[in-house]
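As structure tokens, the structure follows; a few thoughts come after it.
Read the figures in this text as sums done on the coordinates, not as results from a lab. This one's a predicted model, so the numbers in the text were calculated from it and none came from an experiment. Note that we place each Cβ from the backbone using ideal geometry, even for glycine, and neighbour counts take in every protein chain shown.
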Amino acid sequence: METTIFYYTGTGNSLWTARMLAARLGSSVPVSITGFRGTLDAGGERALGLVFPVYIWGVPAPVIRFVDSHRMPRDAYVFAGAVNAGQVSNTLVQLERILKHQGVRLAAGFGIKMPSNYIPWGGPGPEETRRRLFKQAEEKIAGIASAISRRQPLPVEKGPLWQRILFTAMYRMSFNKVPEMDKGFWVDDKCDRCGICAQICPAENITLKGDGPLWNHRCHQCFACLQWCPKEAVQYGRKTPAYERYHHPDIRLKDMLNDPAR
């Protein structure tokens, strides 16, 4: 039975995860949620996956909008992979509840730990640590693919109780403020107005003016604009000029720009 994997990504971790799953399952090429314009009811696909990063310890707004606007077939085996830097928290429980309102069961939900791309809190960590995380993620993905291929129902993964209480509260307080958190972006004098930041933004939040990029308060906080800038000219706050940039080493800029929404 066919499996379709929808993904949302900013710096490539979730795209890589979706590709790895698709390769293990022998399914079609993963589909970006930001570029998807079809429906999910044609033919009643039997297995549907959602792969996305954890943002502020919860489900990113674009993923919520995708789920709300594309009803999953009720008889489908629906699974999810929440890519995170070590704290999946209540994210998959939240998604489970969102789907339940549609009468859809989240059959399985997995947390997948990867290097952090939230640069305001520092860089992605040492190269050795990153390689170890990639290897562990690949091994876990193999197990996930095995469970999916058997259509095995599994409890969703979640963080400890204290984390789910504290971080869920922080997510709720922050959620409506995210679009305007782009006030912290700026460019230094290395900016050559190449336009990559505007092209890579999944929210179409950046326009180019005579003196450089302008952020328009529709931000997702994915940091694609900063992490993919070829000159490392895009900054956020005061500390990022000193921090190493990151995107998944197996994902190229052309992979990201191949998304029809970019």
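Just a few scattered comments:
- Label-to-label distance, W121 versus E138, with points set 7 angstrom from Cα along the beta-carbon direction: 2.6 nm.
- Cα centroid separation, the stretch 81-153 to the stretch 193-240 (Å): 26
- Counting lysine pairs in the chain that sit 8 or more residues apart in sequence, or on different chains, and whose Cα atoms lie under 20 Å apart gives 13.
- Rg and Dmax [Cα atoms of the stretch 177-257; Å; Rg one decimal, Dmax integer]: 11.9, 34
- Within the chain, helix-based [θ] at 222 nm, where runs of 4 or more DSSP H residues each add -39,500 (n - 2.57), nearest 500: -9500 deg cm²/dmol
- With θ taken as phi - 60° and the Karplus curve 6.51 cos²θ - 1.76 cosθ + 1.60 applied, the whole-hertz 3J(HN,Hα) list for the stretch 178-185 is 4, x, 9, 6, 6, 4, x, 7 Hz, x standing for glycine and proline.
- Under a 5 Å amide H cut-off, with hydrogens placed 1.01 Å from N, V31 pairs with I5, F6, Y7 among residues at least 5 apart or on other chains.
- Per-residue extension of 0.36 nm, minus the Cα-Cα distance of R193 and R105, leaves a gain of 27.1 nm for this segment.
- Alpha-carbon geometry of the stretch 45-174: the Rg and the Dmax are 15.0, 44 Å, given in that order.
- Compactness of the stretch 102-155 is given as radius of gyration and Dmax, 15.0, 44 Å, from Cα positions.
- Highest mean packing first, where packing is the average number of other Cβ atoms within 10 Å per residue, the peptides 161-169, 46-54 line up as 46-54, 161-169.
- Phi angles across the stretch 129-136 convert, under the Karplus curve 6.51 cos²θ - 1.76 cosθ + 1.60 with θ = phi - 60°, into 3J(HN,Hα) values of 5, 5, 4, 5, 5, 4, 5, 5 Hz, Gly and Pro given as x.
- Charges were assigned to the Cβ only: +1 to each Lys and Arg, -1 to each Asp and Glu. The resulting dipole of the chain about its Cα centre is roughly 500 debye.
- Mean-square fluctuations from a GNM of the chain, with a 10 angstrom spring cutoff on Cα atoms, peak among N90, N216, N205 at N216.
- Taking packing as the residue-averaged number of other Cβ atoms within 10 angstrom, the listed peptides 81-87, 181-187 run from highest to lowest as 81-87, 181-187.
- Phi to ³J(HN,Hα) by Karplus 6.51 cos²θ - 1.76 cosθ + 1.60 over the stretch 58-73, Hz, x for Gly, Pro: x, 6, x, 3, x, 6, 4, 5, 4, 5, 5, 9, 10, 5, 6, x
- Spin-label model, L253 to E180: label points 7 Å out along the Cα-to-beta-carbon direction sit 3.3 nm apart.
- Across the chain, Cα-Cα distances exceeding 31 Å account for 22% of all pairs.
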